[in-house]
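Below is one structure; the comments refer to it alone.
FYI, it's all coordinate maths here, none of it is from the lab. Note that the structure is predicted; figures quoted are calculated from it, not measured. Cβ: placed from backbone, ideal geometry, glycine included. Neighbour counts: every protein chain shown.
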Amino acid sequence: MAEINRAVKGTNDILPSDSHKWQFVEGKMLETAELYGFKEIRVPVFEHTEVFLRSVGDTTDVVQKEMYTFDDKGGRSITLRPELTAGVIRSSIENGLVNGALPVKVCYIGGCYRYEKPQAGRLREFHQFGVECMGAAAPSADAEVISLARQILCNLGIDDISLEINSIGCPECRKKYHAALKEYFTAKTDELCDTCKDRLERNPMRILDCKSPICSGIAADAPVVIDYLCDDCAEHFEGVKSHLSAAGIEYKINPHIVRGLDYYTRTVFEFVSGDIGAQSTVCGGGRYDGLISQMGGPSVPSLGFAMGIERLMLAINNKGVELPDAHTPDIYIAAMGENAALKATELCAVLRNDGLKAQTDICARGLKAQMKYANKIGAKFSMVLGDDEISSGKAKLKDMEKGNEREIALDEISEELGEEIRAKIFEQIAETL
Ligand code: ATP
Ligand code: MG
């Protein structure tokens with residue numbers, strides 16, 4: 001029975017005291033993406049398991065260890081999405097987006113599900129914002145997508161970030177590289193974990209991002225793919241670097257980035273934050289030129305990234321970035337007695353119709369308790385209604401922060417309060433300038 005009062009391990013609630021931060025962050029993401037022409041797409045939380053096996057890859061940690069997979073009552077194998085790219089690509093093919101004018105630029109926000117060991121910055125339900133840019137092969141596309149990710153992070157006040165990039169080549173370069181990796185790891189087969197022993201045959205590159213300390217120790221000295229790029233891939237990577245420089249973006253080349261999902265080709269990148277602990281990668285992405293055709297669509301070179309919103313929140317909180325809360329009520333109307341309560345209901349209706357945030361007592365409490373509550377919820381203004389106010393048609397509008405009051409006519413309440421709220425906003429802007 002204890003379970004009914006406890007969230008499932010690795011899941012978090014987003015409480016009313018924090019939801020404004022999420023709304024602000026998500027708003028900034030969508031707003032910034034719009035500057036680059038990305039439009040939101042929403043896809044289901046679950047897909048046929050095959051969608052992830054085909055795209056993410058069946059030798060990845062995500063597929064081998066982390067997926068929430070079950071049979072539904074109709075006997076279909078269903079998986080809760082561990083990431084959104086696979087579903088977005090499935091949808092883009094199914095709905096013909098990739099057959100129209102290219103590039104197609106989409107972005108998404110949504111929950112992801114991975115059976116991982118929960119710790120700070122690593123959850124079983126977490127949220128990603130991401131983009132997919134489909135049908136753009138030129139290096140300028142890579143720079144544009146990276147530039148968007150960077151702008152979002154900066155707009156959220158996360159400026160202690162570094163960008164690390166690498167190229168993992170195309171299937172052509174991969175052939176030579178796989179052979180070199182196989183040779184390197186075969187000499188150390190006995191030391192590898194069981195999963196990696198199997199990967200050695202099927203996909204030796206996956207050993208490079210194994211989380212086991214022994215495998216990652218061995219992987220540290222393995223050959224790096226950037227030394228095996230074919231001429232086209234090398235030239236593409238040079239182009240990406242030039243366009244990043246043209247956009248004024250600093251980067252570091254990290255030949256060890258391979259990314260944990262099989263679909264990547266050529267450019268891969270990560271943004272690492274100095275403001276959070278061990279799980280410091282806040283954003284990861286790259287190019288996936290073969291994915292759309294691999295999933296049954298046309299050959300459309302594409303790329304994207306995903307950022308973990310919980311990790312961004314950690315960075316924002318650790319840095320002490322203040323995110324605006326637009327939810328505090330404009331006014332709390334306290335009422336003494338039944339007539340005043342009716343008047344308060346009437347005035348709240350007027351105010352809300354005019355787009356002002358108004359609250360009044362709905363617990364039939366005394367005046368003292370009402371004012372205590374008005375303070376607690378951070379009402380900007382308050383007003384007390386009693387028989388005198390109702391008969392005179394006037395009441396005092398109190399600025400809760402400054403403590404000063406001024407009398408206003410009740411039948412002009414929206415105009416008067418609107419004016420006060422605008423004055424407050426101007427004051428705040430003046431302070432920040
Ligand atoms: P990691 O190496 O930390 O496991 P990953 O390579 O598995 O990350 P991606 O699949 O690239 O991560 O997902 C993109 C982003 O989503 C990550 O950079 C991170 O910010 C976030 N993320 C991934 N897994 C989790 C998780 N379990 N909990 C919270 N955020 C996550
Ligand atoms: Mg992972």
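Numbers below:
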item: The chain, relative contact order in percent, only Cα pairs under 8 angstrom and at least six apart counted; result: 15 percent
item: Cβ-placed point charges (K, R +1; D, E -1), dipole of the chain about Cα centre in debye, nearest 20; result: 1020 debye
item: Angle in degrees between helix 139-155 and the longest Cα principal axis of the chain, rounded to the nearest 10; result: 30 degrees
item: Net charge contributed by nearby residues that have their C-beta within less than 11 Å of Arg54 (K/R +1, D/E -1); result: -3
item: Lysines whose Cα lies under 16 Å from that of Lys252, excluding same-chain neighbours fewer than 8 positions away; result: Lys241
item: Convex hull projection area averaged over all views, segment 85-158, Cα basis, nm²; result: 6.5 nm²
item: Value at 222 nm in deg cm²/dmol, rounded to 500, when DSSP H runs of n ≥ 4 in the chain each add -39,500 (n - 2.57); result: -12000 deg cm²/dmol
item: Table column - 3J(HN,Hα) (Hz), segment 122-138, Karplus curve with 6.51, -1.76, 1.60, x for Gly and Pro; result: 9, 10, 8, 10, 9, 10, 10, 10, x, 9, 10, 10, 9, x, 10, 9, 6
item: Euclidean distance of C-alpha centroids, segment 389-433 and segment 108-152, integer Å; result: 44 Å
item: Rounded to 5, percent antiparallel among DSSP beta bridges of the chain; result: 80 percent
item: Helix axis angle, 16-35 relative to the chain longest principal axis, alpha carbon, degrees; result: 60 degrees
item: Rounded Å value of the spacing that divides the Cα centres of segment 154-188 and segment 198-243; result: 4 Å
item: Global geometry of segment 152-310, whether rounded, prolate or oblate, following the gyration tensor of its Cα atoms and the 1.5 cut on a/c; result: oblate
item: Taking Leu148, Leu342 and counting other C-beta atoms within 10 Å, the order from fewest to most; result: Leu342, Leu148
item: ³J(HN,Hα) computed for each position of segment 290-295 - Karplus, 6.51 cos²θ - 1.76 cosθ + 1.60, integer Hz, glycine/proline x; result: x, 5, 5, 6, 4, 9
item: Under-5 Å amide H pairs with Gly297, H placed in peptide plane, nonlocal only; result: none
item: 0 to 90° range, to nearest 10: angle between helix 85-94 axis and the chain longest Cα axis; result: 90 degrees
item: P(r) histogram, all alpha-carbon pairs of segment 232-299 included - 10 Å bins from 0, percent; result: 17, 43, 31, 9, 0
item: Shape call, the chain: gyration tensor on alpha carbons, a/c limit 1.5; result: prolate
item: Distant-in-sequence amide H partners of Leu385 (H built 1.01 Å from N, under 5 Å); result: Ala334, Ala335, Met336
item: Hits among lysines - C-alpha to C-alpha of Lys182 under 24 Å, sequence gap 8 or more where chains match; result: Lys65, Lys197, Lys211
item: Lysine pairs with alpha-carbon atoms under 17 Å apart, segment 314-433, spacing 8 or more or separate chains; result: 21
item: Neighbourhood net charge (14 Å Cβ-Cβ; Lys/Arg +1, Asp/Glu -1) for Cys233; result: -2
item: For segment 331-425, share of DSSP beta bridges that run antiparallel, in % to the nearest 5; result: 50 percent
item: Anisotropy class of segment 331-425 from Cα gyration tensor, a/c 1.5 cut; result: rounded
item: Under Karplus coefficients 6.51, -1.76 and 1.60, residue-wise ³J(HN,Hα) of segment 39-48 in Hz, glycine/proline x; result: 10, 5, 10, 10, 10, x, 6, 10, 9, 4
